[in-house]
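The values are calculated or read from the model by the stated rules, or taken from the named source; none is laboratory data. Just so you know, these numbers come straight off a predicted model, no measurement behind them. Note that we place each Cβ from the backbone using ideal geometry, even for glycine, and neighbour counts take in every protein chain shown. All accessible areas refer to the heavy atoms of the entire protein, side chains included, with ligands and DNA or RNA removed. Shrake-Rupley method; radii C 1.70, N 1.55, O 1.52, S 1.80 Å.
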Amino acid sequence: MKNKIPTFHLNNGMEIPAQGFGCWRIKDEASAVNSVKWAIQHGYRLIDDAAVYMNEPFVGRAIKESGVDRKELLIASKVWVQDCSYEKCKHAFAKSLERLGLDYLDLYMIHWPLGDYLGAWKAMEELVRAGKIKAIGVCNFTEKDLDTLLAHCTIKPVMNQVECHPIFQQKAMHHYLDEHGILMEAWSPLGHGAVNLLNDPLFVALAQAHHKTPAQIILRWHYQEGILALPKSEHEERIAQNFDIFDFELSEDEMNEIRKSDTNHRLNNDDPYSEESRKIIASRVYDIE
Ligand code: A2P
């Protein structure tokens, strides 16, 4: 590893690496094991997984085979919508630990604000107090969902993981989270590798100016905005490239140019602000066991 990884501060006192590796959509066993091992070799210490990604056993194998001390890694997983209740969440957490082959998690999150998420949160608070989880957070929560959770919780969420990239910058959510001391994490930080985003003349020009790639410019923008990005790739060269963003800086003018790219439109149809979309997501029941 080249440099010390910069960190973000969490509201429970923990420090977290300023960028993590996202495991969404890596289903194939060999690809999952290799990708996570490459990520760890190239410096990532935060691995973001979820029960519904169906790859926890492979991620667990990669962690063991990486040769890096478990205590140096931060492993995150998430409870899927069908397990969003007090009892089911405890069971789902135990199953995630078992599949990952671990005896604690650094981060555990509610994947969507659906079902009895207050019950699930209570279970997660108990698991924190029992020493099984170091920090708890949420994903895809709206401001209204967060207000509800904040009114009932005894432990505040450390983060909200949401879709975020230069064309959907989530400025209102980011402002809300800053005000509440909650870190914003970005899923699909590269817009799923959308070609039109990576080929956008602005990112191509900035890449040339900084001797970097458009993907690195976008990831550096997240970092300088105070957003923890979780890029995914199954290619070693891209995995390494995506982490190599801590040796240059975008100027305030360049940051402002990127801020203007915001269209406020999602690339993904899953929208927590839409009742219709929430119903569709809630109906996605999978055989995760
Ligand atoms: P692949 O896994 O084949 O490398 P996001 O994290 O925003 O969801 O983006 C992930 C997508 O972007 C994946 O399809 C991934 O493809 C692609 N990707 C990841 N890193 C890069 C990169 N540095 N350059 C181009 N595409 C990338």
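Between the alpha-carbon centers of region 258-289 and region 56-89, tell me the distance in whole angstrom.
Region 258-289 and region 56-89 have Cα centres spaced 23 Å from each other.
Tell me, what ³J(HN,Hα) does each residue in region 174-183 have, in order and in whole Hz, if you take phi through Karplus 6.51 cos²θ - 1.76 cosθ + 1.60 with θ = phi - 60° and put x for Gly and Pro?
4, 5, 4, 5, 4, 5, 9, x, 10, 6
Does anyone have the angle between helix 117-129 and the longest principal axis of the chain? Alpha-carbon axes, 0 to 90°, nearest 10?
Long axis of 117-129 versus the principal axis of the chain: about 90 degrees.
Quick one: go through region 125-144 and flag any residue whose amide nitrogen is under 14 Å from the point 7 Å out along the Cα-to-Cβ line of residue 14.
125-139
Please tell me the relative contact order of the chain in percent, rounded to the nearest whole number, where contacts are Cα pairs under 8 Å and at least six residues apart.
19
Summing +1 for each Lys or Arg and -1 for each Asp or Glu, what net charge is found among the other residues whose Cβ lies under 14 Å from the Cβ of residue 187?
For residues surrounding residue 187, the net value is -2.
By the gyration tensor of its Cα atoms, with a ≥ b ≥ c the square roots of the eigenvalues, what is the shape of region 1-64: rounded for a/c under 1.5, prolate for a/b over b/c, or oblate?
oblate
Compute the angle between helix 86-100 and the longest alpha-carbon principal axis of the chain, please, reported from 0 to 90 degrees and rounded to the nearest 10.
Orientation of helix 86-100: about 60 degrees from the principal axis.
Residues with amide H under 5 Å of residue 74's amide H, sequence separation 5 or more or different chain, H placed in the peptide plane at 1.01 Å from N; which?
46, 47
Let me cross-check residue 271: its accessible surface, 1.4 Å probe, with only protein heavy atoms counted, in Å² to the nearest 10?
Its accessible surface works out to 40 Å², give or take rounding.
Which links in 64/260; 156/232; 4/232; 171/232 stretch past 32 Å when you go from one Cα to the other?
Distance filter (> 32 Å) returns 64/260.
Apply 1/(1 + (r/R0)^6) to the Cβ-Cβ distance of residue 126 and residue 4, taking R0 = 35 Å, and write down the FRET efficiency to the nearest 0.05.
0.50
If a/c stays under 1.5 just call it rounded; otherwise compare a/b with b/c (prolate if a/b is bigger, oblate if not). Do that for region 68-197, with a ≥ b ≥ c from the square roots of the Cα gyration tensor eigenvalues.
Oblate.
Straight distance only, please: which aspartates and glutamates reach the Cα of residue 144 with their own Cα at less than 16 Å, same-chain residues fewer than 8 apart left out?
Cross-link targets: 116, 178, 179, 271, 275.
Give the accessible area for residue 195 in Å² (nearest 10); use a 1.4 Å probe, count only protein heavy atoms, and leave out ligands, DNA and RNA.
Surface open to solvent at residue 195 totals about 100 Å².
Rounded to the nearest 10 degrees, what's the angle between the helix 214-225 long axis and the longest principal axis of the chain, both from Cα atoms, 0 to 90?
Compared with the principal axis, the helix lies near 60 degrees.
Under the classification rounded if a/c is under 1.5, otherwise prolate if a/b is larger than b/c and oblate if not, where does region 1-120 fall, given a ≥ b ≥ c as square roots of the Cα gyration tensor eigenvalues? Present the calculation step by step, with values, prior to reporting the outcome.
Details: a/c = 2.05, a/b = 1.38, b/c = 1.49.
It is oblate, given that a/c is not under 1.5 and a/b is not larger than b/c.
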